[in-house]
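The values are calculated or read from the model by the stated rules, or taken from the named source; none is laboratory data. Quick caveat: nothing in here was measured; it's all calculated off a predicted structure. Note that each Cβ is placed from the backbone with ideal geometry, even for glycine, and that neighbours are counted across all protein chains shown. Areas reflect the complete protein model, heavy atoms only, side chains present, ligands, DNA and RNA absent. Shrake-Rupley method; radii C 1.70, N 1.55, O 1.52, S 1.80 Å.
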There are 2 protein chains.
Amino acid sequence: MKSEKISDAVVRRLPVYLRFLNELSLREVPTVSSQELGQKLDLNPAQIRKDLAYFGDFGRKGIGYDVSYLIEKIRQILNLDQQINVALVGAGNLGQALSNYNAYLKDNMKIVAVFDAAPSKIGSKINNITVQPIDELVETVKALGIRIGIITVPHFEAQRVADQLVAAGIGAILNFAPTILKVPPEVRIHAADFTTDLLSLAYYLHDGKELTSNES
Amino acid sequence: MKSEKISDAVVRRLPVYLRFLNELSLREVPTVSSQELGQKLDLNPAQIRKDLAYFGDFGRKGIGYDVSYLIEKIRQILNLDQQINVALVGAGNLGQALSNYNAYLKDNMKIVAVFDAAPSKIGSKINNITVQPIDELVETVKALGIRIGIITVPHFEAQRVADQLVAAGIGAILNFAPTILKVPPEVRIHAADFTTDLLSLAYYLHDGKELTSNES
DNA sequence: TAGATTGTTAATCGATTAACAATC
DNA sequence: TAGATTGTTAATCGATTAACAATC
């Protein structure tokens, strides 16, 4: 175990490893090599070994990695050996879609509160959770020990919601709104804005003008 | 204008610039400096100047960038000076949420077809588009000149859908399913899997065990 | 023992940032 | 002219990959 600073690029690959290891575990595969992981995940095997070695000596020379053991270790690294409570702010279509994924998220991360500004939404139930007004955000986040917030409100409300999440002592935010949020440095933000992703894909459509329809 | 290879990191920042420039344009701000862009977008001004300089000399020394002109140029770079047709595959909650964003996406990128495997969904309308069976995917993609596919089907169907999109001649895929898709190198893939994002956020919740509730 | 595969160092590659001459 | 800001080169920083001794 080193105590170097771990880069975000490394941290973001850990859940990818975890996801594939969970599949292997379901299939009762006992061990896996960095080479096989690399093939399946489109990553360089040396990179995978290096990523894992930041956190400990998890593998066995000549053998590879024990699947169950590695799952346990990665969960520990990601703080997923305890339940992590999540708040969802914005009960629109996207928010509802995400809350349905609650089931798919491995048990240890759970949406436990949903907030919205619209009176029409408040009091309704989303996946068995009653939608609360945003006024109650700070109080509820503190009361339930919520550590992560997901923002799915319109972009013009996103900063205000972020401010409240910060005021409530949240540790990290997943932001689906197309805005750059300003938060104190101790709060981690990941941008999950798919419009950016989608627009950038258009760049790679070279030579394509001749592919459009209606040219006859 | 250089003809160096542009890195993906640069390309992914272009839509971020574009989004902010569109805001400035609405407010009728005539010019903007790399310094101001950097402040608002949390980026280094030198990086912004360098990014833009890959594609041309868009700025004026002592003045900055003309907002309207830069918008026009970035749109051209991203191939957004023509309409780009998009197919959405998977009409579940997430797919429906995304299709609602059609309105928000600047006009030139448009979801023009929606597909699903479930008989119960086929024939229904999502944002005025009739959901078609996946069997019709290849034919429709070709007929409508669709260039980008968005995958929002369950993970176990994602590779099959990707194969069909590729067979139909698609140029790029935005993949929301939690799987690494295998496609030929000429097809561009962006992973938009938010479970990975969310799990990696947990890493940054250090010191937090004492924050959980129910410890009394 | 022979083959496989890790953990780690060194080499490479690429991306970000600083600095500044050019110039509006 | 003086101040501002670009475009670009050079310096720095960081991430990826190759290579290999250690060892199961």
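Of all residues in segment B:166-197, those satisfying the criterion of being assigned to a strand (DSSP E or B) and facing chain A (nearest Cβ under 7 Å) are B:172, B:174, B:188, B:190. For segment B:61-72, check the following and say yes or no: at least one residue is more than 16 Å from DNA strand D (Cβ to nearest atom), free of Cβ contacts under 8 Å to residues at least 60 places away in the same chain and not polar (S, T, N, Q). For segment B:61-72, residues more than 16 Å from DNA strand D (Cβ to nearest atom), free of Cβ contacts under 8 Å to residues at least 60 places away in the same chain and not polar (S, T, N, Q): absent. Of the residues A:37, A:43, the single one that is near DNA strand C (Cβ under 8 Å from one of its atoms), within 14 Å of chain B (Cβ to nearest Cβ) and within 22 Å of residue B:203 (Cβ to Cβ) is A:37.
Exactly one residue among A:120, A:99 is over 23 Å from the mean Cα position of the chain (by Cα) and either among the polar types (S, T, N, Q) or surrounded by fewer than 20 Cβ atoms within 10 Å (Cβ to Cβ) (or both), and that residue is A:120. Each residue in segment A:30-46 was checked for being in a loop (DSSP other than H, G, I, E, B) and more than 20 Å from residue B:155 (Cα to Cα), and 3 pass. Somewhere in segment A:128-138, is a residue more than 16 Å from DNA strand D (Cβ to nearest atom), outside the structural domain of residue A:193 (by TED's automatic domain parsing), open to solvent by less than 60 Å² (accessible area, probe 1.4 Å) and not hydrophobic (A, V, I, L, M, F, W, C)? Checked segment A:128-138: no residue is more than 16 Å from DNA strand D (Cβ to nearest atom), outside the structural domain of residue A:193 (by TED's automatic domain parsing), open to solvent by less than 60 Å² (accessible area, probe 1.4 Å) and not hydrophobic (A, V, I, L, M, F, W, C). Residue A:51 - would you say it is at pLDDT 95 or above, more than 30 Å from residue A:119 (Cα to Cα) and open to solvent by 50 Å² or more (accessible area, probe 1.4 Å)? Against the criterion (at pLDDT 95 or above, more than 30 Å from residue A:119 (Cα to Cα) and open to solvent by 50 Å² or more (accessible area, probe 1.4 Å)), residue A:51 does not qualify.
Annotation for segment A:131-146: at least one member residue is within 10 Å of another protein chain (Cβ to nearest Cβ), under 29 Å from residue B:152 (Cβ atoms), at pLDDT 95 or above and touching a strand residue (DSSP E or B) at 6+ places or on another chain (Cβ under 6 Å). Based on what the data block shows, is residue A:80 within 14 Å of chain B (Cβ to nearest Cβ) and either in a loop (DSSP other than H, G, I, E, B) or surrounded by fewer than 19 Cβ atoms within 10 Å (Cβ to Cβ) (or both)? So residue A:80 fits the description; yes. Would a scan of segment B:54-75 turn up a residue that is part of a helix (DSSP H, G or I), within 16 Å of DNA strand C (Cβ to nearest atom) and open to solvent by 10 Å² or more (accessible area, probe 1.4 Å)? Looking through segment B:54-75, at least one residue is part of a helix (DSSP H, G or I), within 16 Å of DNA strand C (Cβ to nearest atom) and open to solvent by 10 Å² or more (accessible area, probe 1.4 Å).
Pairs are defined by a Cβ separation below 7 Å, a sequence spacing of at least 6 or placement on different chains, a first member in segment B:166-184 that is of a type in the set (Ser, Thr, Tyr), and a second member that is not in a loop (DSSP other than H, G, I, E, B); the pairs so defined are B:179/B:155; B:179/B:158; B:179/B:159.
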